[in-house]
1. Quick test for you: out of 63, 88, 111, 84, pick the one residue that is in contact (Cβ under 8 Å) with a residue 60 or more places away in the chain and more than 20 Å from residue 156 (Cα to Cα).
2. Is it the case that the stretch 116-134 has a residue that's closer than 30 Å to residue 156 by Cβ and assigned to a helix (DSSP H, G or I)?
3. What are the residues in the stretch 82-111 that are closer than 23 Å to residue 71 by Cα, under 17 Å from the mean Cα position of the chain (by Cα) and surrounded by 17 or more Cβ atoms within 10 Å (Cβ to Cβ), if any?
4. Looking at 78, 94, which one is assigned to a helix (DSSP H, G or I) and without any contact (Cβ under 8 Å) to a residue 60 or more places away in the chain?
5. When you scan the stretch 19-42, do you find a residue that is touching a residue at least 24 places away in the same chain (Cβ under 8 Å), surrounded by 12 or more Cβ atoms within 10 Å (Cβ to Cβ), touching a helix residue (DSSP H, G or I) at 6+ places or on another chain (Cβ under 8 Å) and under 23 Å from residue 132 (Cβ atoms), even just one?
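Coordinate-derived values only; no laboratory data. Please read all numbers here as calculations on a predicted model, not as lab measurements. Quick reminder, even Gly has a Cβ in these numbers, built from the backbone with ideal geometry, and neighbours come from all protein chains shown.
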């Protein structure tokens with residue numbers, strides 16, 4: 001039974017890996033231009049939290065699958081709801097970080113939260129341990145829904161364009177369109193350029209060297225972060241499987257013997 005357990009536990013992580021690929025660049029560019037509430041979790045917490053949540057929900061689905069004897073007729077509703085919420089979970093990242101549709105992402109995550117609650121209700125008569133494994137997931141979704149709402153409320157999806165005059169290498173002034181509140185793929189106002197340049201608008205040799213050193217340091221830091229996060233996530237995945245497997249050996253909701 002190890003193969004079905006590992007397969008169903010690892011299944012949610014497939015969408016997480018694809019979502020992480022989409023999110024990685026957007027977190028450092030577009031996401032930084034958004035107004036966010038002060039209580040938001042740090043960016044480094046998200047991959048760790050989602051590794052734990054994906055492991056818990058995946059193992060919970062295995063417990064339900066095992067209790068129902070596989071993909072039987074009785075498993076249609078509980079595992080069908082689980083598959084629906086998993087599809088909604090995987091869809092949120094491309095909508096929010098890929099398409100930058102804040103309102104649509106908010107509607108989607110509200111539907112996701114409701115589907116997760118319905119999944120837990122359908123799981124409860126089958127496996128209470130599996131239901132408890134979904135509880136942290138539902139709590140985190142409530143937090144994520146509130147965060148999505150605040151970001152949608154405080155940021156307009158249709159940003160007005162302003163015209164900034166940018167001096168080219170020959171000193172000629174040209175007009176370029178850029179988004180207000182900062183644009184991750186556009187141009188910066190002249191006062192930003194003047195901070196990075198000399199009096200004649202050209203970068204000095206010391207500035208170029210410092211930028212090169214800074215880029216090298218950021219590259220090295222990113223690589224180290226990736227390796228460290230990969231090791232941490234693998235460790236959390238293994239620990240989550242071990243904890244969930246031992247948790248399923250007894251029913252936490254049943255009365256305990258009095259000693």
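1. Working: 88 fails: in contact (Cβ under 8 Å) with a residue 60 or more places away in the chain; 111 fails: in contact (Cβ under 8 Å) with a residue 60 or more places away in the chain; 84 fails: in contact (Cβ under 8 Å) with a residue 60 or more places away in the chain.
None of the other options fit; the residue is 63.
2. So the first thing to find is which residues in the stretch 116-134 are closer than 30 Å to residue 156 by Cβ, and the list is 116.
Of the ones still in play, those that are also assigned to a helix (DSSP H, G or I) are 116.
Scanning the stretch 116-134 turns up at least one residue that is closer than 30 Å to residue 156 by Cβ and assigned to a helix (DSSP H, G or I).
3. Going through the stretch 82-111, the residues closer than 23 Å to residue 71 by Cα turn out to be 82-90.
Filter again for under 17 Å from the mean Cα position of the chain (by Cα), leaving 85-90.
Listed by number, the residues that qualify are 85, 86, 88, 89.
4. Working: 94 fails: without any contact (Cβ under 8 Å) to a residue 60 or more places away in the chain.
When all the criteria are applied, what remains is 78.
5. Taking every residue of the stretch 19-42 in turn, at least one turns out to be touching a residue at least 24 places away in the same chain (Cβ under 8 Å), surrounded by 12 or more Cβ atoms within 10 Å (Cβ to Cβ), touching a helix residue (DSSP H, G or I) at 6+ places or on another chain (Cβ under 8 Å) and under 23 Å from residue 132 (Cβ atoms).
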